[in-house]
Every structure is written in C-alpha cells, then in structure tokens.
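So the structure is just underneath, and the comments pick up after that.
The values are calculated or read from the model by the stated rules, or taken from the named source; none is laboratory data. From a predicted model like this one, the values you see are computed outputs, not experimental measurements. With ideal geometry, Cβ positions are generated from the backbone for all residues, glycine too; neighbour counts draw on all protein chains shown. With ligands, DNA and RNA removed, areas are computed over all heavy atoms of the protein, side chains included. Shrake-Rupley method; radii C 1.70, N 1.55, O 1.52, S 1.80 Å.
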Amino acid sequence: MGEDYARPEVLVSTQWVLDHLDDPKVRIVESDEDLLLYDLGHVPGAVRIDWQGDLQDQVLRDYIDAEKFAELCSKNGIAEDTTVVFYGDKSNWWACYAFWAFTLFGHKDLRVMNGGRKLWIDESRPISRETPKYPRTEYKVAGGDEPAIRAFRDDVLEHIRAKRPLIDVRSPKEYTGEMLHMEDYPQEGSLRGGHIPGAKSVPWSRAVNEDGTFKSAAELRALYEGEAGLKPSDDVVAYCRIGERSSLAWFALTYLLGYPRVRNYDGSWTEWGNLVRVPIERGAGA
Amino acid sequence: MPAALDAILTELRESDRQERIDLLIDFSKNLPPLPPELEARRDAEHRVEECQSPVYLFVEMIGDRVALYGDAPAEAPTVRGFVSLLLEGLNGASPEEVLKVPGDLVDLCGLTEVLGMLRVRGLSGVLRRIKRDVTRVAFAHNGSTS
C-alpha cells in the first residue's frame, strides 16, 4: 500500500483480492448497510456476513455468543487460521464493524479491502451473483480480546473521570446536540442530544477519501493528532450512534496509526443519550 | 387495497427468503426513470427524510387517479426496490385506496424477516410520505375542480 501505515498488511488492495480469489487460505466477506447489494452481485467467491442478522444477538443488545460465532465461521468455511478479508458499502463502515466483531472473538488474521465495494465496482472488476459453498470447518473460538477493544458505559464513566480522550465520529450537528436524531437514521433515536463530556469531534468521513479508500498515515495523523490532540500513548475510546462508524475510527487508529489502546464504545449515543443522569455536554465543545 | 398492490403482496408472501430478495432486486432494476421535468425538482421538499439514501417522491393527480414518480440510488437497492414496488402497486389507484393501504405493509410483505428491524423503518417512511402527499395533492385537486 505504500502509505506508511503502522500495520500495512491489514489493508489490502482490490488487486490483492483479485489475485487471491482462488486462494483456499483466504475468505472474502461482504458486509453492507444495504442487504441486497450482495445479491445484486459481489466479489466472486465472497460470502455475506450481515452485521444485523449474523453478528448481533436477535434478543439482547449484544453480539452473538462464542458458540454462534463458531457456527457462523464453520458454515462459511472459515478456519482459525483463515485470512478473512472484509469489504462493503459506505466506505467500509460495516466491513470495519465486522472486522471489530471478529476481533472480539479473537480471530487473528483479518484484513480490510481498501476502497470497499464501490472501488471494486468503479474499477470494473469481476462480479458474481453466485452464492459460493465451502467445505464446513470446525471452528474453535480463541476469544479473549473483548476487554482490549470494547468499552461499556461504566468504562466510559471511568474514562471521563480520569479525563482520558474520547473521539466522537458523528456528524457535527449530532455532536453539538442541535440534532436529536440524525435526520437519515430515525431508528437510532435518543432522548437527549449532545456528546460525552470532553469528547473531540472527528466525523468519520474525514478519515476516508472520495473513492472510499483510507486517507494516508500523514493525513490521519494530522486529523487525529494535529486537530483532535491525540497521542499514540493515549488510552482512547471512540463512539458514534451504534458503534459502526466508530469501528472505522477504531480501525484507523489501531491499524493505520498503530495506537496500542483504542476501544470502541458500541453502546454509543443510542445508549448514552438515553441513560438517566449521566453527564452530557452540548455545543461546540473543547 | 389496490388490486396491483394486492397481487405483489401475495407473490411476496408466498415466496421464500431468497425469492423475496430476488423480487425486490427485480423491482429495483425496473424502477422507471423520472420524467425529465421532475429530474430538476429533486430537492429537499421532495426528499424522503426517513431514508438513509437520497430518495425522492412526486405525487400528482391525473383525473381522479394517483400518479406516482420516484427515484432512489442504485447503490441502495433495498429502498429503490421498495419505491418501485409501491409505484407499481399504487399507480392509477384512487386517493382513498392509497390512504387505506395498511401502515404495516413492510411487515405484511414479509420484508422485516428478510431485512431486520433496523433496516425497515426507512421503508415505512416511504409509504407514510406517499400517503401524506396524496392527501395534500388530492385535497388541492378537489379544491380546484369542485
């Protein structure tokens, strides 16, 4: 990739994916906001893993348990040592979210295809409507990574008491509290508007280019360090409304800039903005 | 319910999950382009706010019948397919028929099972928007002719 990223191997190019379409050690996974896109045509051999239908528990607000995750991987022919490459729509929001969710269960070899679905199609690369079948595996969940990458509300309360940095990746109007629910996402409503006290606003879209690829390491440093004041030694929590756009920020900070301690608060504003008596800050912030 | 919409509903209900997805994709591909005079009117007034993608709807009366036009991006096939489905099911209906379409149409189509709870509310917003506009346009129409 030549972009001077801390962990360049984690971001693969569309060409790399094309060169590995028949590689049995590699599984390509599409994760989209719009469920139908996969059926409309996908990278040949790619399987679909849906953030809502596959990765989230259908009753609790939580992710699936280890047993269901093992089943999900097994039926998609993913083994413990498979290289799993995610891509999707919306500049890879959901691809990063799926990457993060796979990390919760301790899967080691995960990648994101830079540019996502849009770039693949814009480059006129091959598309297939066939749903592939792979030999079943007997996946064993390694587990153990959740505390390192996931923050719960009590962790966030502790985090703000200790005055540690938070990154809010929502749109500017959601951050200031002018907009109670993001216009386009009424299903993610909250009773209060604003942001977690002390959080810096870095809208997610600033981390990606027009073509859906990630900004260079220098540009990302200018954004997160120059503008938002982070340091690589910081303990950082990122959040948005439901934790998907902040997975993209988590990915950029962890893998592209090499920050060792970044957690995603997946409860995000749909939890915080509905909690009783937690502190909220309104306006342009610090 | 207008007969055309009823027929679509029956077909969707009798389909399995994959067939429903394929039907919605077909609808998405068959959405007629906006008439040229409406192209330029894709503005905030005609945008469906509930949708995550830029979706535009236009309602007119031709005689005493409803004429619907709509547009949604190809990158958002779910909502594009649903707009196309509603256009096919409701065009030529009377305003009363449109207003009587059940509010839980998305559920009745079996799409909630396919798409998941978080994805279908924008779709219900499209139907609410059509009903609101039909009420407004039909009222103005009656007012001007009677």
### Task
Take every residue in peptide B:112-118, count the Cβ atoms of other chains within 10 Å of its Cβ, and give the average of those counts.
4
### Task
Calculate how large, on average over all directions, the projected area of the Cα convex hull of chain A is; give the answer in nm² to one decimal.
14.3
### Task
Give the percent of DSSP beta bridges with both residues in the protein assembly as shown that are antiparallel, rounded to the nearest 5.
35
### Calculated FRET efficiency for the pair residue A:131/residue B:94, C-beta based, R₀ 51 Å, to 0.05
0.75
## Note on the structure
Expressed as a whole number, the average count of other chain Cβ atoms within 10 Å around the Cβ atoms of A:260-267 is 0
### Query
Given only helices, namely DSSP H runs of n ≥ 4 each adding -39500 (n - 2.57), what is the per-residue ellipticity at 222 nm of the protein assembly as shown, to the nearest 500 deg cm²/dmol?
-10000 deg cm²/dmol
### Query
Carbon and sulfur atoms: what percent of the 1.4 Å accessible area of chain A do they account for?
50
### Task
Distance between Cα centroids, the stretch B:1-38 to the stretch B:100-146: provide it in whole Å.
15
### Summary
Taking r as the C-beta separation of residue A:7 and residue A:74 and R0 as 35 Å, the FRET efficiency to the nearest 0.05 is 0.80
### Task
Nearest 100 Å² is fine: how much accessible area is buried between A and B, summed over both sides, with a 1.4 Å probe?
1900
### Query
For chain A, how many pairs of lysine residues have a Cα-Cα distance under 21 Å, where the two are 8 or more positions apart or belong to different chains?
21
### Query
Per residue, how many Å² of accessible area does the stretch A:1-128 show with a 1.4 Å probe?
37
### Message
Given points 7 Å out from each Cα along the Cα-Cβ axis, report the residue A:145 to residue B:128 separation in nanometres with one decimal.
### Response
3.9
### Query
Measuring from label point to label point, each 7 Å out along Cα→Cβ, what is the residue B:15 to residue B:49 span in nm?
3.2
### Task
Report Rg (one decimal) and Dmax (nearest whole number) for the stretch A:150-272, counting Cα atoms only, units Å.
13.6, 39
### Query
If you take the square roots of the eigenvalues of the alpha-carbon gyration tensor of the stretch B:1-92 and sort them as a ≥ b ≥ c, do you get rounded (a/c under 1.5), prolate (a/b over b/c) or oblate?
oblate
### Message
If I model a spin label at residue B:34 and residue A:66 as a point 7 Å from the Cα along the Cα→Cβ vector, what separation in nanometres do I get?
### Response
5.3
### Gaussian network model of chain A, springs between alpha carbon atoms under 10 Å - residue of A:33, A:227, A:80 with greatest fluctuation
A:227
